[in-house]
Every structure is written in structure tokens, then in C-alpha cells.
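The values are calculated or read from the model by the stated rules, or taken from the named source; none is laboratory data. Small disclaimer: the values here were computed from a predicted structure and weren't measured. Using ideal geometry, Cβ is built from the backbone for each residue, glycine included, and neighbour counts are taken over all protein chains shown.
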């Protein structure tokens, strides 16, 4: 059985306070704390690129668990903000870390739903080709494309990278997935001329409409109800989004993690950061991860504790 053996993440030290930008954007403390729920955002240094952030996450993984570089069979990087358009960031990462030549390396171009899609891809790929160990990276430094003068994006998005070790000795294993796409609304979250545009209201309406429905589909398909899940790992889009989805589903507040006030919406990295926080909490037997956003796309995963 393949699954997540360990997770590590890297969040840059630099922070930009949203309280220092209240006058600029005409906002107040209540808006910062309760609407967007982000008090400060993490920003990478100008010297860091996407692959560098992944390397920092991998170093933190190796601080937590023994990993032999020569045992890595697969490297997948989930990103829409790569080092370069060509080649894939996973190849750059492969070269920098010195992995073996018969190690597969490719990227997945997805945003906020990307970790769940990536988890599905890497586990299926490893099962088919009987690989033993793989690394699933997420890194989407939106500071590359955010306009500092754009209230809708600059107050919200923070930089981070994660890496998940996928192996035959998992702590959590994915039991089932559901996926969806509404490509007709792709312009609601769009990078054009290297600048990010987001229709915040459109994204919120989309998430509130489709995500709860598919969470219920996933639960029903596995003979479960809302109360059977110990923790809900909802993509940390904003305080408003997490609260709205929780209320729509009638979730117990104690089962919903919210954790981005000090670093921001980290796109594809938000769910693995949350999973890392429950890895050692053995009271969490079943968790549900839900990612949604750019595309517009969404994906939900049921995670079961194995050990």
C-alpha cells in the first residue's frame, strides 16, 4: 500500500504585514482578521526561485526522516510558477539534488487543487510501475506574478513549498478521490502578461456551490457521513472561504483547521501544510482534503491513517 510517509514544508522568513497596508487599501482590522484572515504574507527572497524553495523543503524532510537520494524513483512538482517555461522545474530539481538517472521527473500544472491531483497522479503512477519511493513537491510562489497594488491578490497570497514522501510505509493513505472542472470560468483566476487577476467573488461563489456537493459525494461513496471525519483540511483560500464551506456543510468547528494568518494562501501547498500538522496526531483516523481554485478546478481526497 502506497501513501504519505512524511511531509515537510518551507515558508520563507520574510513577512509583509497587512496591517501596514490598511490605509493604502482602505481596509480595517476586522477585514484583515475575519474576512481574509491573513495578517501577514510570506514572501520569498529575490534570490530564491521555485526549485530553491523545493530544495529547502526537501532539506527539512531529511531533518525529519532518513531518506536515501538513490532510492527516489519519481519526482513530481506541482507548480504554475516554475523556474522557467522550459524545462520543467522537476528536471532542475533532479539535477540540483543529484537523483539517479532512472528517476522519473515531471511537473503538474495546477494551482489550489494541485496537491490532491498530484497525490492521485503519483500514487497511481508508482503503483503501475511498481516504484517504491517518490517525492511530491508543491511550490507556487505567487509573489512572482502578484501586483503589489492589487487589493484582491497582494493581501492574500503567500509563498511556500512542501514535499511529501510517498512510500510503502505510509502514515496516511488515500482511499478515494473526486475531481471536477468548470473551464468556462477560467478567466476568474488568470495570469496574463505575467500579472495575476482574480475575481474573488466569482471564485467564492464557485467554491461554495460545487465543493460541498462533491465532499458529500465522496463521503457517501465510502459509506461515511460528515461526523465520521476527524479533520477537514480545506484549502486555505481565505478565512471567509473556509468559514463559508464549513457552515454550508455544518461542520464542527473543532474539526476544521485554519492556519494561514501568519503566511497567507500558499496555493497548492496549503493542504500538505495542514496534513503535516496532523501526521503525529493519532486521534485523527480519517481526514478529508479539499482543494479548489484556478481552472476552475476542484479535487477532494479521503485520507485514512494506516499507522
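Going through 200, 180 one at a time, which residue ends up being surrounded by 15 or more Cβ atoms within 10 Å (Cβ to Cβ), at pLDDT below 95 and more than 19 Å from residue 269 (Cβ to Cβ)?
Answer to the check: 200.
Looking only at segment 203-249, which residues are in contact with a helix residue (DSSP H, G or I) (Cβ under 7 Å, 6 or more places away or on another chain), within 22 Å of residue 184 (Cα to Cα) and surrounded by fewer than 18 Cβ atoms within 10 Å (Cβ to Cβ)?
Residues satisfying the conditions are 204, 208.
Which count do you get for residues in segment 25-56 that are exposed (fewer than 15 other Cβ atoms within 10 Å of the Cβ) and assigned to a helix (DSSP H, G or I)?
Residues meeting the conditions: 3.
Within 22 Å of residue 183 (Cβ to Cβ) and more than 16 Å from the chain's Cα centre (by Cα) - does that describe any residue in segment 244-263?
yes
Take residue 152 and decide whether it is over 19 Å from the mean Cα position of the chain (by Cα), farther than 13 Å from residue 293 by Cβ, outside the structural domain of residue 251 (by TED's automatic domain parsing) and modelled with pLDDT under 95.
yes
Just checking: which of the strands (runs of 3 or more DSSP E) contained wholly in segment 66-175 hold 2 or more residues that are surrounded by fewer than 20 Cβ atoms within 10 Å (Cβ to Cβ)? I'd like the intermediate steps shown before the answer.
On the way: elements: 74-78, 104-108, 134-139, 161-167.
Strands (runs of 3 or more DSSP E) meeting the threshold: 104-108.
Hey, any hits in segment 8-20 for a residue that's modelled with pLDDT of 95 or more and in a helix (DSSP H, G or I)?
yes
Would you point out which residue out of 7, 36 is assigned by TED's automatic domain parsing to the domain that holds residue 155, over 19 Å from residue 150 (Cβ atoms), in contact (Cβ under 8 Å) with a residue 40 or more places away in the chain and in contact with a helix residue (DSSP H, G or I) (Cβ under 7 Å, 6 or more places away or on another chain)?
On inspection, the qualifying residue turns out to be 7.
Go through (1) part of a helix (DSSP H, G or I); (2) out of contact with any strand residue (DSSP E or B) (no Cβ under 7 Å at 6 or more places or on another chain); (3) crowded, with 22+ Cβ neighbours inside 10 Å for residue 59 and report which single condition fails.
Answer for residue 59: the failing condition is (3).
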